[in-house]
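A quick write-up on the structure given underneath.
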Amino acid sequence: MYVRVAVDTDAASYLDAYSYQVPEELADRVKLGAAVLVPFGTSQVIGYVVGFEDTPAVERIRAILAVIDSPITLGDDLIELAAWMSRRYVCGLSRCAHSALPGVIQCKVKGVVELLDASVSPDSSVVTALVEAGGSLPLESVRAISSSTMAQVRKLEKSGALVRHYVLVPPEGKELLVPAVELAISHEAVESEIHSLSRSPKRVAVLRYVLEHGTGPTSKICAETGVTASVVAGLVTKGILRRTKLNVRRGVAHTLVASTAHYELTPAQQGALDAVVEGIDTRAYGTTLLHGVTASGKTEVYLRAIEHATALGQRSLVLLPEISLTAQVLNIFRTRFGDRVAVLHSGLSAGERFDEWTRSQNGEVDIVLGARSAIFAPVDNLGLVIVDEEHEPSYKQDSDPRYHGRDVALQRARQSGALAVLGSATPAIESYYLAKAGKYRLVALKERIANRPLPKVEITDLRDEFQKGKATIFTERLTDGIKDRLGRGHQVILFQNRRAYATFLLCRECGYTATCPNCSVSLKLHAAEKMTRCHHCDYEHPAPSVCPTCGGMKIGKFGIGTERIEEEVRSVFPEARVLRMDRDTTTHKGSHGAILDAFRHREADILVGTQMIAKGLDFPGVTLVGVISADTSLNVPDFRAGERTFQLLSQVAGRAGRGTDPGEVVVQTFNPDHYAVVAAAAHDYESFYEQEIEIRRELSYPPFSAIVNVVAADSDENQCRKRLNELADRVTQRRVLGGAPIDVRGPVPASVAKLRGEYRWHVIFQSPDRGSLMRALRSALDALPSVRRKVVVDVDPSTML
């Protein structure tokens, strides 16, 4: 028997599965999706069985070494999904298969190099390192010594100077087993012991607890009965109890909130729910686009749709774009559905992810809720897939496989015969186009709950402020608005989609700019730490007080980040309690939820933040939102700049006026007449869509074409250009052979032309026919394996940077 194995090589391999023979003694244990240990080159690696073969694809074939007793397996549905991803995103099946499983709950293999005879080659750098380390080192440490290390290792192995061996490393996430006790005698015998121990009330209390609850953690028994561990130990010594281990599930922290289950739906909500329920009942794949303005009650429609699916014995998957949003929604879902909800995202500990994954795999939950990667959760009998804020670019993975969570969710729903619901107040242009074309069912929620008005939006022209000599962070209109809200005890959100204090430092005497030595970007000033830092590679350097080039004192701080805004707020409004939420303030576990809970409980008056605070959050006390600069996202070299700006402005504006008091929004901009800004201020998605779709049609941008961005990075800039020229020439040759036209743009330097010490060039392929484009690209890449290994292929890129 032969199998195909998706091999984990810890690299973005473009290859698919490898063929292996199954030894007779392992035949009964090798199942589809099983984790296996296989030889791979001179190493041993973990792989997953993704198929069976009667005849191997190659002549020389090696055998599986062992079947791993792994806590997770790759189910049939995930294997099928990985194969689809491999085709869609031009990425090896192995990489797609392994990305579907959380790394913290996968077994791994660790290579170890052990020195046997140092005298064979005493001058070798490898031997020297091994001697200094006491005779052995992890293989990755040896590999890092120099570029020629592995050649030395192979030579030394042949001479008998050293040996490589491999050890299985258990997953970081695993069962939590705690000391526990259970009855060692019958219930009747225990009752007799209780009678005989009437003068030992502590022992009696322990026995009655175990009789009632069964096996229990020793620590919990002691805490709830008020005894010490010695009392339990005495009962073990007498043979009445015996020690054991108990698997304890780690719960993800959440807070119960007021339930909305008793609320009567508005007619629009009921109509939307009826449409979704109809789709669930058909048990056939379909997509519904729920286009609802902010605060129109989309979440309640989701909840009731899930209740309907659950009543039919179906399970549900719910995707959210941000971890910060997951914390809030988890509270709502746990209030409604209790422990039948599992949550999965990268902010959980390894143990928590293991427990939540296991609960889903064992069918202990009806709903899985989480960020992008939750789409791979093991969910049988899937009936409903919901992608909230479906327009969000954070659903796009930025490493191989570069998948889009929304599109993978649609494919998983298609495989399962489930209904897919895409929800947004500002749908992606591509999604709305498909809905208008009848490919998706379009359902609209045009009004807020309780007929609350959408916030009034006022655009303030920063050009006028500068002409008046008022070059400040807050315009007069925004300053007055904040003072008014603070005086009335209301809350304020200030939005700037840029963190740090300043975006660059400039010497006004010689023109020096602080730039990153590894990336072609300016260093951002983090004033509180007195450091400048690169937001790409994390290089940092103390902030200069004088110009390092000319010694001048006129070092100017330009560009405004959230840290600067927080400082200004504290200066202008000293009485206000201020919180800041960005990547710098949310590095610790639970920090997202802590900041949002504090603001929700009115422990702060003003929340300053990036896009983390722009979507999905519900703060009834907020009646004013200030957008510090609407131009941050407009001035990006990307065809989606207008769409991103409209979405961000609309979403952040939607945080205002969600309670009983009406909301207002002040948008500060140097481009007050831009169609995206004007449409967002008018809460007019249709107007924006009509203008944007005509621009896309004229330039043949998505949804009228498919785009692939191929990036090459190398310390030698010429190599980048050479690889991409080879690829572009191959694609052009295949375009000539037939099929739809393919537009080839580049190679040219990428917008960020140097990143982490490597130069970056890219070439963009664009065609109205996705099939023709992908066939030509795959054929060209297959013909150029050396190029394929050294380029990044980004299908349907969310950004062109």
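The values are calculated or read from the model by the stated rules, or taken from the named source; none is laboratory data. Please read these numbers as outputs of a predicted model, since none were measured by experiment. With ideal geometry, Cβ positions are generated from the backbone for all residues, glycine too; neighbour counts draw on all protein chains shown. Note: accessible area is taken over every heavy atom of the protein model, side chains too, but ligands, DNA and RNA are not part of it. Shrake-Rupley method; radii C 1.70, N 1.55, O 1.52, S 1.80 Å.
The Cα center of region 252-304 and the Cα center of region 42-115 differ in position by 38 Å. Of the residues 766, 262, 685, the one whose Cα sits farthest toward the positive end of the charge dipole of the chain, with +1 on the Cβ of Lys and Arg and -1 on the Cβ of Asp and Glu, is 766.
Ligands, DNA and RNA are left out, and with a 1.4 angstrom probe the accessible area of region 394-437 is 24 Å² per residue. Kirkwood radius for region 757-799, taken over all pairs of different Cα atoms as the inverse mean of 1/r, rounds to 11.8 Å. Sorted from longest to shortest, the spans of the Cα atoms of region 138-238 along the three principal axes equal 76, 23, 20 Å. Summarised in one figure, the compactness ratio Rg/Rh of region 593-731, Cα atoms and Kirkwood Rh, is 1.13.
Here region 78-190 is assigned +1 on the Cβ of each Lys and Arg and -1 on the Cβ of each Asp and Glu. Its dipole about the Cα centre then comes out at about 740 debye. Put simply, the amide H of residue 62, placed in the peptide plane, has neighbours under 5 Å in 21, leaving out anything fewer than 5 places away on its chain. Max-minus-min Cα coordinates of the chain on each principal axis give 86, 74, 64 Å, with the largest extent listed first. On the beta carbon distance between residue 783 and residue 230, with R0 = 56 Å, the FRET formula returns roughly 0.15. Per atom type, region 614-726 shows carbon and sulfur on 48% of its accessible surface, probed at 1.4 Å. Residue 313 sits among other residues whose Cβ lies under 15 Å from its own Cβ, and their net charge, with Lys and Arg +1 and Asp and Glu -1, is -2. In this label model, residue 157 and residue 123 are separated by 2.5 nm, measuring between points 7 Å along each Cα→Cβ vector.
In the context of the full set of protein chains, region 461-569 has a per residue accessible area of 49 Å² (1.4 Å probe). For region 192-306, the alpha carbon convex hull comes to 219 Å³ per residue, rounded to a whole number.
Under 17 Å from a label point set 7 Å out along the Cα-to-Cβ vector of residue 415, the amide N atoms of region 307-345 belong to 315-319.
Taking θ as phi - 60° and the Karplus parameters 6.51, -1.76 and 1.60, the scalar couplings of region 83-95 work out to 5, 5, 4, 4, 6, 5, 10, 6, 9, x, 4, 4, 5 Hz in sequence order, x denoting glycine and proline. Isolated cysteines of the chain, defined as having no other cysteine beta carbon under 4.7 Å away, are 91, 96, 107, 222, 537, 720. Take every DSSP beta bridge with both residues inside the chain and express the antiparallel ones as a percent of the total, to the nearest 5. Roughly 60 percent of the DSSP beta bridges within the chain come out antiparallel. Name all residues of region 227-256 having a backbone nitrogen under 19 Å from the label point set 7 Å from the Cα of residue 339 along its Cα→Cβ direction, giving them as ranges. The answer is 245-256. Once the gyration tensor of the Cα atoms in region 35-192 is diagonalised, the equivalent ellipsoid follows with semi-axes of 38, 29, 15 Å, ordered largest first. Once the cut-off is 27 Å, how many percent of the Cα-Cα pairs in region 510-639 end up in the long-distance tail? Roughly 31 percent, once rounded to a whole number. Modelled this way, with points 7 Å down the Cα-to-C-beta line, the labels at residue 456 and residue 212 are 6.1 nm from one another.
In region 646-801, the inverse of the mean reciprocal separation of distinct Cα atoms equals 18.2 Å; this is its Kirkwood hydrodynamic radius. From the alpha carbon centroid of region 194-249 to that of region 639-710 is 64 Å. Comparing 185, 703, 457 along the charge dipole axis of the chain, the residue lying farthest to the positive side is 185, per the Cβ-charge model. Taken over region 1-105, the convex hull of the Cα atoms encloses 103 Å³ per residue.
Here is the P(r) of region 419-558: all C-alpha pair distances, binned every 5 Å from 0, give 2, 7, 11, 11, 11, 11, 12, 12, 10, 7, 4, 2, 1 in whole percents.
Per-residue extension of 0.36 nm, minus the Cα-Cα distance of residue 185 and residue 312, leaves a gain of 41.4 nm for this segment. Gyration tensor analysis over the Cα atoms of region 617-659 returns equivalent ellipsoid semi-axes of 25, 10, 5 Å (largest first, whole Å). All C-alpha to C-alpha distances of region 279-369, sorted into 5 Å bins beginning at zero, yield P(r) values of 3, 11, 22, 25, 20, 13, 6, 1 percent in whole numbers. Of the residues 103, 122, 91, the one whose Cα sits farthest toward the positive end of the charge dipole of region 87-129, with +1 on the Cβ of Lys and Arg and -1 on the Cβ of Asp and Glu, is 91.
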